Structures are given as C-alpha cells and as structure tokens.
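Reviewing the structure listed below.
The values are calculated or read from the model by the stated rules, or taken from the named source; none is laboratory data. The model shown is predicted, which means the values in this text are computed figures rather than measured ones. With ideal geometry, Cβ positions are generated from the backbone for all residues, glycine too; neighbour counts draw on all protein chains shown. With ligands, DNA and RNA removed, areas are computed over all heavy atoms of the protein, side chains included. Shrake-Rupley method; radii C 1.70, N 1.55, O 1.52, S 1.80 Å.
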Amino acid sequence: MAELCPCGSKKEYSSCCEPLLKGEKVAVNPLELLRSRYTAHVKGDVDYIINTVLPSKRKEHRVEGIRKWIDSAEWLGLTVINAPDVDADATEGKVEFIANYREKLRKIDHHEIASFKKEEGVWYFDDSEFPFQQVVNEGPKVGRNDPCPCGSGKKYKKCCGA
C-alpha cells in the first residue's frame, strides 16, 4: 500500500513531497514549499529544511536546534489556514498554517504565518510571524473599589490596579 504524504495533501508521498525532498524538483509556489518543509520535519530531513531557507538567512538557523526539535516531537498533522494563490511572476507569498505536534506528552498547535521569497526562480522560506490573537478575560471585571483579587485585603485601585 502506498504511503500517504505527511503534508496532508492526501496524495501519495512518492508523487507529492518526496521528489522535493530528494531534490528532483523544486516547489512551484509557497504552499508547496511549506508542505514539503513540514514533511521534512516529519521525516527528519534537517538538510532540506536548511536548504529551503533564503540563502541570506541560513546563518540564523541552527542545525542542532532544528534536529533537537524534530527528534523530540511527534508530528501529528498540518492544517493550512490561508494560502493565497500566487501567479508565476510573484516573488513573495505567505501561508498561514497550524502544525500540530506532541512534545513531552504535551500537544502543541504551532500557529504561524510563514513568508516566502522567490530568488532566481526558486522559492525559499524567508521569515515567520505569529498571528494576532485577541485575549479575552472571561472572568468578572474587577472594579476599582472592589477588594483586590490577589488577596491582599486592599482595594484593587490601591494594589494590583495601581
């Protein structure tokens, strides 16, 4: 039975990300590169991860740190949130995704927006950012003259609210 690609495309690995990891072809867009980089994490291919970073930024990436992360994680799946189409002339693109993994028995949802650049016809990972997430306090609001929730016995305005 053919192995499905870890990237979540539902395609066979041999016709999806494997040719990219083996260097037989290059990614045609940022989404394909992102999927192949995720697969490289699953397969433990640190060289591919480093080689698909923008050449001018490779020195910022530590092989030992990447290897340690890959080896300590159980990769559970990739969910693509947003991957705008790019035309053939595009030189930049972004993909928002969540990579799910387990590390030290803790499930982690790594949510990121990855930026990609194309140089000399080849797509590379450039940078990433974490999407803004609104923090909502679901507990009751503490009034200025209410007792401070820290338990000091002082009014909130004279304690933690100062």
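The table for this structure:
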read-out	value
Residues satisfying the stated conditions in the range 58-99, i.e. farther than 16 Å from Thr39 by Cα and among the β-branched types (Val, Ile, Thr)	Val63, Ile81, Val86, Thr91
Residues that are assigned to a strand (DSSP E or B) and among the charged types (D, E, K, R), drawn from the range 50-93	Glu74, Glu92
Residue match in the range 64-73 (condition: more than 18 Å from Tyr48 (Cβ to Cβ) and modelled with pLDDT of 90 or more)	yes
Whichever residue in the range 20-72 is within 19 Å of Tyr101 (Cα to Cα) and of a type in the set (Ser, Thr, Tyr) and, among such residues, is most open to solvent (accessible area, probe 1.4 Å)	Ser72
Residue in the range 94-110 that is touching a helix residue (DSSP H, G or I) at 6+ places or on another chain (Cβ under 9 Å), assigned to a loop (DSSP other than H, G, I, E, B) and open to solvent by less than 30 Å² (accessible area, probe 1.4 Å) present	no
Any hit, the range 19-34, residues being modelled with pLDDT of 95 or more and of a type in the set (Val, Ile, Thr)	yes
Meets criteria (of a type in the set (Lys, Arg), open to solvent by 100 Å² or more (accessible area, probe 1.4 Å) and part of a strand (DSSP E or B)) for Lys141	no
Count - residues of the range 9-19 that are open to solvent by less than 40 Å² (accessible area, probe 1.4 Å) and closer than 24 Å to Ile81 by Cβ	4
Subset tally (residues that are without any contact (Cβ under 8 Å) to a residue 60 or more places away in the chain and in contact with a Pro (Cβ under 9 Å, 6 or more places away or on another chain)) for the range 17-34	2
